[in-house]
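The values are calculated or read from the model by the stated rules, or taken from the named source; none is laboratory data. No experiment lies behind these values; they were computed from the predicted model shown. Glycine also receives a Cβ, built like all others from the backbone with ideal geometry; neighbour counts cover every protein chain displayed. Each accessible area value is taken on the protein alone, full model and side chains, heavy atoms only, with ligands, DNA and RNA left out. Shrake-Rupley method; radii C 1.70, N 1.55, O 1.52, S 1.80 Å.
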Amino acid sequence: MGEGSHAGHDHGSAAGAARGGAAYTRRLLIAFGLIGAFFVVELVGGLLTNSLALLSDAGHMLTDVIGLGMALAAIQAANAGSRQASRTFGLYRLEILAALANAVLLFGVAIYILYEAVQRLTEPPEVLGTPMLVVAVLGLAVNLVVFAMLRSGAAESLNVEGAYLEVMADTLGSVGVIIAAGIIEVTGFTLADPIFGVLIGLFELPRTYRLGAKALRILIQAAPAHIDVEGLEDDLGDLDEVAAVHALHVWTLTSGMEVASVHLRLTGGCDDGASHRVLDAARHLMREHYGLGHATIQVEPAEHHRCEDPAETSW
């Protein structure tokens, strides 16, 4: 009744792309260890120096630790799940769920820091500037190392991108703490601490929003923003021997794995090789012009009852 194909017949390469962050597991592990160790240092330093800016940065460090842990867990679960026959797409969506949870956590930390900073503006406590400065400089060094390690992977995996954005925010946060500590040491202006705490919190919010929005877009199976679905439908309809296009769906399964499905109605029957020609043309169009290397295409004859071969079924 129809004829179908998975574009390119290359499930392995699509799955490899979907694993995204798996190629960066070792770097994520190293980053997890460095950030986790320094979170303890920064938390203790913030409590001892009574610095909200330092505690704010420690809070971001904590979300880094949790975010990196979730990223690693999601990558391992996705790889393990892909070996289960009943999970035809593996557990790749865990990566997106981890990124969304990370975004929610970051929102919570940022809002808490903003609230605490407002309280301190009315009653600024005494802050120890020199120890605060030493801890902030060490934090900046750790963040710069991790930032460099994750930069290349941010474009390939939403989970790695989430960790990368957090570390970037922490890097700038550490710079803010250093500036605040310098102001306190030079001028004694202790309000610099809650002011920079507010700035660090505000800096985090828009980036967190973008990460959460990208994760939600994938979870609701919206078409990738860079793919013109209407243009794709028109281009498929313009192929030779294609009379109509229907049931076109394009969505993102996980980072680096965009998939599509479509039904193409032929202008003629199914016994003249048209289905094979249309399959080849549609595969080429979707792969080369739209980057859709994993597409399921069902080709239908003009009238289904003309296909009398019982072996010809859609797949």
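Quick look at the numbers
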| item | result |
| --- | --- |
| Long-range neighbours under 6 Å by Cβ, at least six apart or interchain, first residue under 13 Å from PHE32 (Cα atoms) within the range 145-165, second open to solvent by 10 Å² or more (accessible area, probe 1.4 Å) and at pLDDT 75 or above | VAL146/LEU34; PHE147/THR171; MET149/ARG27; LEU150/TYR164 |
| Considering residues of the range 270-280 that are buried (at least 19 other Cβ atoms within 10 Å of the Cβ) and hydrophobic (A, V, I, L, M, F, W, C) only, the residue modelled with the highest pLDDT | VAL278 |
| Filter result (hydroxyl-bearing (Ser, Thr, Tyr) and open to solvent by 40 Å² or more (accessible area, probe 1.4 Å)) within the range 204-222 | TYR209 |
| Flag for GLY182 being modelled with pLDDT of 85 or more, part of a helix (DSSP H, G or I) and not hydrophobic (A, V, I, L, M, F, W, C) | yes |
| Pairs where the first residue, in the range 251-269, is among the hydroxyl-bearing types (Ser, Thr, Tyr) and the second is modelled with pLDDT of 85 or more and part of a strand (DSSP E or B), C-beta under 6 Å, 6+ apart | THR252/GLU258; SER261/HIS249; SER261/THR296; THR267/ALA243 |
| Single residue of ALA23, ALA74, ALA31, ALA15 found to be within 24 Å of the chain's Cα centre (by Cα), part of a helix (DSSP H, G or I) and either aromatic (Phe, Trp, Tyr) or modelled with pLDDT of 70 or more (or both) | ALA31 |
| Residues of the range 192-225 satisfying the condition of being in a loop (DSSP other than H, G, I, E, B) and either polar (S, T, N, Q) or in contact with a helix residue (DSSP H, G or I) (Cβ under 7 Å, 6 or more places away or on another chain) (or both) | GLN221, ALA223 |
| Only one of VAL167, VAL127, VAL135, VAL177 that is outside any helix (DSSP H, G or I), modelled with pLDDT of 75 or more and surrounded by 23 or more Cβ atoms within 10 Å (Cβ to Cβ) | VAL127 |
| Within the range 223-247, considering residues that are open to solvent by 30 Å² or more (accessible area, probe 1.4 Å) and hydrophobic (A, V, I, L, M, F, W, C), the one nearest to the chain's Cα centre (by Cα) | ALA225 |
| Residue among TYR92, TYR112 that is modelled with pLDDT under 75, open to solvent by 10 Å² or more (accessible area, probe 1.4 Å) and of a type in the set (Ser, Thr, Tyr) | TYR92 |
